[in-house]
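Please read the structure below before turning to the comments.
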Amino acid sequence: MVLAVLDSNVLYSSQVRNLFLWCAVQDLYTPLWSQEIIDEVGRNIVRNGAMSAHQWSRLLGELRSHFGGAWGTGYESVAAGEARCKTPLSRPKTRRDLTLPPSTRLAPAHQYPV
């Protein structure tokens with residue numbers, strides 16, 4: 001199973017967070033994060049007004065409920081793995097390269113676990 005450390009920039013945005021967590025629920029990878037990452041997300045979401053403290057608390061409860069195994073420490077070695085990649089990730093050259101095949105269907109947002 002592929003391990004991926006989700007940093008605060010992934011967990012902050014609801015759309016990006018939902019996409020990455022949906023992929024984790026589909027067993028495409030195993031998400032990991034530290035308490036420091038979660039603290040940073042919560043602090044910024046509440047401070048910037050993206051959520052109230054109560055909404056953040058509810059989301060945090062959902063994350064613990066559905067992704068309790070993601071919390072931990074020592075992920076620095078996993079995150080450092082990107083520096084060891086032999087080939088850099090390539091970006092699509094055109095918008096057409098981003099198009100999903102017609103058979104690909106994503107679940108409606110209300111079906112995401114968080």
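Regarding the range 64-81, can at least one residue be identified that is among the basic types (Lys, Arg), part of a helix (DSSP H, G or I), surrounded by fewer than 16 Cβ atoms within 10 Å (Cβ to Cβ) and at pLDDT below 90? Taking every residue of the range 64-81 in turn, none turns out to be among the basic types (Lys, Arg), part of a helix (DSSP H, G or I), surrounded by fewer than 16 Cβ atoms within 10 Å (Cβ to Cβ) and at pLDDT below 90.
What are the residues in the range 6-33 that are assigned to a loop (DSSP other than H, G, I, E, B) and out of contact with any strand residue (DSSP E or B) (no Cβ under 7 Å at 6 or more places or on another chain), if any?
Asp7, Ser13, Gln26, Asp27, Leu28
When Leu19, Leu3 are checked against the criterion of being touching a Leu at 6+ places or on another chain (Cβ under 9 Å) and either modelled with pLDDT of 95 or more or surrounded by 14 or more Cβ atoms within 10 Å (Cβ to Cβ) (or both), Leu19 stands alone in meeting it.
Filter the range 22-35 for residues that are free of Cβ contacts under 8 Å to residues at least 40 places away in the same chain and crowded, with 16+ Cβ neighbours inside 10 Å and give the result. Across the range 22-35, the qualifying residue is only Pro31.
The set of residues in the range 36-60 being outside any helix (DSSP H, G or I) and in contact (Cβ under 8 Å) with a residue 12 or more places away in the chain consists of Ala50 alone.
The values are calculated or read from the model by the stated rules, or taken from the named source; none is laboratory data. If you're wondering where the values come from, they're calculated on a predicted model, not measured in any experiment. Cβ coordinates were reconstructed from backbone atoms using ideal geometry, including for glycine residues, and neighbour counts include every protein chain displayed.
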